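See structure below.
The values are calculated or read from the model by the stated rules, or taken from the named source; none is laboratory data. What you see is a predicted model; the values in this text were computed from it and never measured. Methodologically, a virtual Cβ is constructed for each residue, glycine included, from the backbone with ideal geometry; neighbour enumeration extends over all protein chains shown. Please note that ligands, DNA and RNA were not included when accessible areas were found on the heavy atoms of the full protein model with its side chains. Shrake-Rupley method; radii C 1.70, N 1.55, O 1.52, S 1.80 Å.
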Amino acid sequence: NAGVIQTPRHKVTGKGQEATLWCEPISGHSAVFWYRQTIVQGLEFLTYFRNQAPIDDSGMPKERFSAQMPNQSHSTLKIQSTQPQDSAVYLCASSLRASQNTLYFGAGTRLSVL
Amino acid sequence: AQSVTQPDARVTVSEGASLQLRCKYSYFGTPYLFWYVQYPRQGLQLLLKYYPGDPVVQGVNGFEAEFSKSNSSFHLRKASVHWSDWAVYFCAVDMGYKLTFGTGTSLLVDP
């Protein structure tokens, strides 16, 4: 079991460019989460999928952020027209099932917007 | 609002000394609580979790935590700290399907 895999580990974009972050959850896990981590805001929930269906995207900035889970083996977080304030570590996590269950985190993707 | 608070941003202890990291929760009902650790340039890893039952929970690497309903607390303890415990520690509360995290406590270990 390789754990949750996130690629790339580090991504640098110019202001206004698009960034796509990838997550491969642990096989057999039905719940996938995206969190954003910054020094100022700490760990912020972004979005949640259960059995590939989007359940809660209440933490997603509405205009430029989107997330998808086209199949059970990967999820993507896309940020259009990146801004310097999007610079953060984006963490993906999966769990065997939703509710009261352990989250297993990937190592994260550090996004740097210049 | 339901949340967790970690009042100490940074704690420094000497190697071999005992440790307590504080976590206070605000939650309607009985919470499910977690402690995670984050080593440099890594994701978060579970240390231990509390489900309603025994208030003292044992975790990995000698860590334990005690749930107190009267104090609304879930403090993390370790009897003897090792240099490898140098990391950031996060308390979290289960909000039904997602976790809400505290701001974290950075643990520094003096050799």
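Figures for the structure shown
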quantity	calculated
Normalised alpha carbon radius of gyration of segment B:1-49 [divisor 2.2 N^0.38 Å]	1.37
Residue-normalised accessible area of the protein assembly as shown, given per residue in Å² at a 1.4 Å probe	49
Relative contact order for chain B, counting Cα pairs under 8 Å that sit 6 or more residues apart, in percent	37
Under 18 Å from the B:Asp8 label point (7 Å along Cα→beta-carbon), backbone N, segment B:73-95	B:73-92
Charge sum, other residues only, whose C-beta stays under 11 Å from B:Glu15's C-beta, Lys/Arg counted +1 and Asp/Glu -1	-2
Potential lengthening between A:Ser58 and A:Ile39 on full extension [0.36 nm per residue; Cα-Cα distance subtracted]	4.8 nm
Compactness of segment B:3-110 - radius of gyration and Dmax, Cα, Å	13.0, 39
Accessible surface buried once B binds A (1.4 Å probe; total of both sides; Å²)	1600
Computed E for A:Trp22/B:Asn71 - FRET, C-beta separation, R0 30 angstrom, nearest 0.05	0.10
Members of A:Lys11/A:Lys62; A:Lys15/B:Lys98; A:Lys15/A:Lys62; B:Lys24/B:Lys78 lying beyond 20 Å, as alpha-carbon distances in this model show	A:Lys11/A:Lys62; A:Lys15/B:Lys98
Heavy-atom accessible area, 1.4 Å probe, ligands and nucleic acids excluded: residues of segment B:28-48 down by at least 50 Å² from chain alone	B:Leu44
Loop-located chymotrypsin sites (Phe, Trp or Tyr not before Pro) in segment B:4-111, at most 13 other Cβ atoms within 10 Å (DSSP)	B:Phe28
Loop-resident sites, segment A:1-75, for GluC sites (Glu not before Pro), counting at most 15 other Cβ within 10 Å (DSSP)	A:Glu18, A:Glu63
Net charge of neighbours whose Cβ lies under 14 Å from the Cβ of A:Val89, counting Lys and Arg as +1 and Asp and Glu as -1	+3
Carbon plus sulfur fraction of accessible area for the protein assembly as shown, probe 1.4 Å, in percent	49
Of B:Val37, B:Val93, B:Gln20, farthest towards positive along the dipole that unit charges on Lys, Arg, Asp, Glu beta carbons give segment B:3-110	B:Val93
Cβ-placed point charges (K, R +1; D, E -1), dipole of segment A:12-105 about Cα centre in debye, nearest 20	40
With all protein chains modelled, accessible area of B:Val11 [1.4 Å, Å²]	30
